[in-house]
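**Student:** My questions will all concern the structure given below.
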Amino acid sequence: MKKILLAICILLVASTSFVYGSQDFTGVLNGASYKIRVPDKDWNGTLVFYAHQYYNDPASYAQAEAAPGGAPMEDFLLSHGYALAGSTFRGTGWQVKEGTNDLIALSGLFNDLVGKPAKRILVGYSMGSLIALKSAEEVPLYDGVIPMCSLAGTLSGAVERESAFAFAYDTVFGWPSADWGPWYDVRDDLTFYGDVLPTFMGQLMDPSNIGKFEFIRRLLKLPEEGFYAADPPQYPAVFWLMAATTEVRAEVERRAKGPIYANADHVYLLTQSDKNVLLSLGIDADWLLESMNAGATISIRNPQTQYGEKYFDPTGDLRIPVLTVHSIKDQLYPAHFETQLLKKVQSASREDLFLQTYTEDFGHCTFTQEQLLAAIRAMESWLETGEKPDGNPNTSGFFPASKGFVAPSPDLLVWPIGKK
């Protein structure tokens, strides 16, 4: 009887069509839209799950995607024999918990609709990288995971960097606490476009503020390319970083039931070369650094620390192979985020299950079709042979320089914020 009821439920939520040489299933599962696509012939037995990036506007992501970017990437991977599955997750925003559970449920639905795959590989982009990493430690479902353009590491990762951004902005411009709430504890209902942008855009468009923004950029070791201008030009990296520091953070604070930003153990530094450039722009970097280091007194309360550890912090105690891919020209979450993640893996003595590789694509999560395919094939080889692939683009057959893979210079991997 249970099996009959399950079959009826599946028929109610799943529709089937044949497009681009694939069998497609779409519907709603546990309140989340999903998409499953399977090659109509020559399926290689591998199912690739997609954990998507952050979004907070339902209209911008009304339908599930089974691969990054939707149909073009889906069709490409289907043509190489892979089955695909993705979900919008329930609701919007910081959906690490929801996304983890929704993908587990989607795997069960795939088994019922299609059959059990030979291999399950989870690919996570940006926020989805956290789902991938936490799943590699806690979810006994996948055979391997591929976190890409990761913002993970520790609370000294995304949250630490965004804390430094907010504190530096407060130091050079003055955070409007009366309207936004303190820099370390914003209003729970704060919105970027309605509350923040009118003030912020005026500052960003004022040429006299270039030195102040350059202080922030250099302090956080953010690439100059894309920081002030992007395509389209009204959305540079600094624009999205301010959104993350305000409206996105307000949402996470609501989930965590309190402030998540802190700086009590941080040390803010700049090289003499940076200071000289800033001085030429009229900025006394020494005075600003002294002010920031003297004001590094904010701590996170224990409940918020526990929330961060659960939904931001991989422990590094991996249970399955993990292959990360990061661009050295990622202007939002630079390659030095990988350094924080590596430290966690090393502390857990799990380097045998961890491989990092890099590309030179400009932008956040802008990998090519061939680069994603290379990562999936490398993971398949790792699972089949038990041998970790070579990640060096000069010697690797999986990650050649001809496909845009590079070996980053050591200075790009240095984390920008010191500790007391």
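The values are calculated or read from the model by the stated rules, or taken from the named source; none is laboratory data. Remember, predicted model here, so these are calculated numbers, not experimental data. For neighbour counting, all protein chains shown are included, and Cβ atoms are generated from backbone atoms with ideal geometry for every residue, glycine included.
**Student:** Could we say that Ser33 is crowded, with 24+ Cβ neighbours inside 10 Å and out of contact with any Lys or Arg (no Cβ under 7 Å at 6 or more places or on another chain) here?
**Tutor:** Values: crowded, with 24+ Cβ neighbours inside 10 Å: no; out of contact with any Lys or Arg (no Cβ under 7 Å at 6 or more places or on another chain): yes.
Here the answer is no, as Ser33 does not meet what is asked.
**Student:** Further question on the same structure: Just checking, which of Ala85, Ala66 is assigned to a loop (DSSP other than H, G, I, E, B), more than 28 Å from Gln304 (Cβ to Cβ), touching a helix residue (DSSP H, G or I) at 6+ places or on another chain (Cβ under 8 Å) and outside the structural domain of Leu241 (by TED's automatic domain parsing)?
**Tutor:** Working: Ala85 fails: assigned to a loop (DSSP other than H, G, I, E, B).
Sole residue among the options that is assigned to a loop (DSSP other than H, G, I, E, B), more than 28 Å from Gln304 (Cβ to Cβ), touching a helix residue (DSSP H, G or I) at 6+ places or on another chain (Cβ under 8 Å) and outside the structural domain of Leu241 (by TED's automatic domain parsing): Ala66.
**Student:** Between Leu353, Leu342, which is touching a residue at least 12 places away in the same chain (Cβ under 8 Å) and over 18 Å from Phe405 (Cβ atoms)?
**Tutor:** Working: Leu342 fails: over 18 Å from Phe405 (Cβ atoms).
Sole residue among the options that is touching a residue at least 12 places away in the same chain (Cβ under 8 Å) and over 18 Å from Phe405 (Cβ atoms): Leu353.
**Student:** If I ask for residues that are crowded, with 18+ Cβ neighbours inside 10 Å and on the phi > 0 side of the Ramachandran plot, which ones from the stretch 44-92 would you list?
**Tutor:** Phe89
**Student:** Let me ask you something else. With the requirement that a residue be in a helix (DSSP H, G or I) and surrounded by fewer than 17 Cβ atoms within 10 Å (Cβ to Cβ), what does the stretch 306-320 give you? Give the steps one after another, and end with the answer.
**Tutor:** So the first thing to find is which residues in the stretch 306-320 are in a helix (DSSP H, G or I), and the list is 306-311.
Selection gives Gln306, Glu309, Lys310.
**Student:** Same structure again: Please verify whether the stretch 149-166 includes one or more residues that are assigned to a strand (DSSP E or B) and out of contact with any Cys (no Cβ under 9 Å at 6 or more places or on another chain). Let's see the steps before the verdict.
**Tutor:** Looking only at the stretch 149-166, we keep the residues that are assigned to a strand (DSSP E or B), and these are none.
Within the stretch 149-166, none of the residues are assigned to a strand (DSSP E or B) and out of contact with any Cys (no Cβ under 9 Å at 6 or more places or on another chain).
**Student:** Still on this structure: Return yes when Pro334 is in the same structural domain as Val123 (by TED's automatic domain parsing) and either in a loop (DSSP other than H, G, I, E, B) or out of contact with any strand residue (DSSP E or B) (no Cβ under 8 Å at 6 or more places or on another chain) (or both) and no when it is not. Break it down into steps so the answer makes sense when it comes.
**Tutor:** Numbers: in the same structural domain as Val123 (by TED's automatic domain parsing): yes; either in a loop (DSSP other than H, G, I, E, B) or out of contact with any strand residue (DSSP E or B) (no Cβ under 8 Å at 6 or more places or on another chain) (or both): yes.
It is true that Pro334 is in the same structural domain as Val123 (by TED's automatic domain parsing) and either in a loop (DSSP other than H, G, I, E, B) or out of contact with any strand residue (DSSP E or B) (no Cβ under 8 Å at 6 or more places or on another chain) (or both).
**Student:** If you go through the stretch 259-267 one residue at a time, do you hit one that is under 22 Å from Gln53 (Cα atoms) and not aliphatic (A, V, I, L, M)? Please lay out each step first, then the result.
**Tutor:** As a first pass, look at the stretch 259-267 and keep what is under 22 Å from Gln53 (Cα atoms): 260-261.
When the remaining residues are screened for being not aliphatic (A, V, I, L, M), the result is 261.
Yes, the conditions are met somewhere in the stretch 259-267.
**Student:** Let me ask something additional. For the stretch 239-290, give me each residue that is buried (at least 16 other Cβ atoms within 10 Å of the Cβ), among the hydroxyl-bearing types (Ser, Thr, Tyr) and under 14 Å from Ile216 (Cα atoms).
**Tutor:** Answer for the stretch 239-290, where residues must be buried (at least 16 other Cβ atoms within 10 Å of the Cβ), among the hydroxyl-bearing types (Ser, Thr, Tyr) and under 14 Å from Ile216 (Cα atoms): Thr245, Tyr268.
**Student:** Which residues, counting only those in the stretch 72-125, are modelled with pLDDT of 95 or more and among the charged types (D, E, K, R)?
**Tutor:** Answer for the stretch 72-125, where residues must be modelled with pLDDT of 95 or more and among the charged types (D, E, K, R): Glu74, Asp75, Asp102, Asp112, Lys116, Lys119, Arg120.
**Student:** Something else now. Considering each of Ser150, Ser163, Ser126 in turn, give the residue that is over 23 Å from His266 (Cβ atoms) and buried (at least 22 other Cβ atoms within 10 Å of the Cβ).
**Tutor:** Details: Ser150 fails: over 23 Å from His266 (Cβ atoms); Ser163 fails: over 23 Å from His266 (Cβ atoms).
After ruling out the rest, the residue left standing is Ser126.
**Student:** I'm trying to understand the selection: among the residues of the stretch 408-420, which are assigned to a loop (DSSP other than H, G, I, E, B) and surrounded by fewer than 16 Cβ atoms within 10 Å (Cβ to Cβ)?
**Tutor:** Within the stretch 408-420, the first condition is being assigned to a loop (DSSP other than H, G, I, E, B), and the residues that meet it are 408-409, 414-417, 420.
Within the stretch 408-420, Ser409, Val414, Lys420 qualify.
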